[in-house]
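Everything below concerns the one structure shown next.
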Amino acid sequence: MKRIALLTFAMLMGIFCYAQSEHLKFSGIPIDGTISLFQAKLLKKGYTLDRITSSYFPIGARAFRGIFIGEKVLLYVDYDPHTKIVYRVKAIIEDLVESIAEQKFQEIKEMLKKKYDNSYFLDGEKEGRPAFSICPRRHRTFLSADNNWKECYGEIDLFIVKDEDNMNYPYCFNVHIDYHDQINLDKHEIKKIDEL
């Protein structure tokens, strides 16, 4: 009887720990682990490290190029410079005419709504253009370090930005798809606050 109770307790703890460690995914890759591991997974999927663009970034960010949802993208990956844990991935479809950017925005919005149909959605505006946010829901909620109940894996933001520096008029609009993993973003923010 003791063995059964102990085994049941161990299984419940395993399920509880698993529920707390669910991470948002980008292109099927969990936004978790070190930048080295995440980069290896990206390279395996066909992305390439953009060394030139990465050289302009501060420590804690890297740039990649590749194909995402059938589009050529510039990919930014943010990670904690101390722990090297990845917490954010942003894909940017660059150099579009405004009408094509709006069309891509609508297509991606519908794909996100279809994939995460049981989630929180928010339509909005950013710099006078449409914006969309989605919080993919967890199967379970968990208590975070700041004692708040979390229901989302993170947040995915979709928006259009006009690149004012781009001299290729009218091809100066970019569509951003920005993934924030909640667990690792919280850890990163708490670490920054602790350093104050």
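The values are calculated or read from the model by the stated rules, or taken from the named source; none is laboratory data. Values in this document were obtained by computation on a predicted structure and should not be read as measured data. For neighbour counting, all protein chains shown are included, and Cβ atoms are generated from backbone atoms with ideal geometry for every residue, glycine included. Accessible surface is based on the protein model in full, side chains and every heavy atom, while ligands, DNA and RNA are left aside. Shrake-Rupley method; radii C 1.70, N 1.55, O 1.52, S 1.80 Å.
Scan the range 3-10 and give yes if some residue there is modelled with pLDDT under 95, part of a loop (DSSP other than H, G, I, E, B) and surrounded by fewer than 14 Cβ atoms within 10 Å (Cβ to Cβ), otherwise no. No, because not a single residue in the range 3-10 is modelled with pLDDT under 95, part of a loop (DSSP other than H, G, I, E, B) and surrounded by fewer than 14 Cβ atoms within 10 Å (Cβ to Cβ). Residues in the range 112-133 that are surrounded by 13 or more Cβ atoms within 10 Å (Cβ to Cβ) and out of contact with any Ser or Thr (no Cβ under 9 Å at 6 or more places or on another chain): Tyr116, Ser119, Lys126, Arg129, Pro130, Ala131, Phe132, Ser133. Inside the range 113-135, residues that are touching a residue at least 12 places away in the same chain (Cβ under 8 Å) and closer than 19 Å to Phe173 by Cβ make up a count of 6. Screening the candidates Phe38, Phe64 for the property of being open to solvent by less than 20 Å² (accessible area, probe 1.4 Å), aromatic (Phe, Trp, Tyr), at pLDDT 95 or above and within 29 Å of Pro130 (Cβ to Cβ) yields one hit, Phe64.
Residues that are open to solvent by 30 Å² or more (accessible area, probe 1.4 Å) and on the phi < 0 side of the Ramachandran plot within the range 67-86 comprise Ile67, Glu71, Lys72, Tyr76, Pro81, His82, Thr83, Ile85, listed in sequence order. Tallying residues that are among the hydroxyl-bearing types (Ser, Thr, Tyr) and closer than 12 Å to Ile93 by Cα within the range 151-196 yields 1.
Pairs linking a residue in the range 38-63 that is under 14 Å from Lys90 (Cα atoms) to a residue that is in a helix (DSSP H, G or I), with Cβ atoms under 6 Å and 6 or more positions apart or on different chains, are Arg62/Ser54; Ala63/Thr53; Ala63/Ser54.
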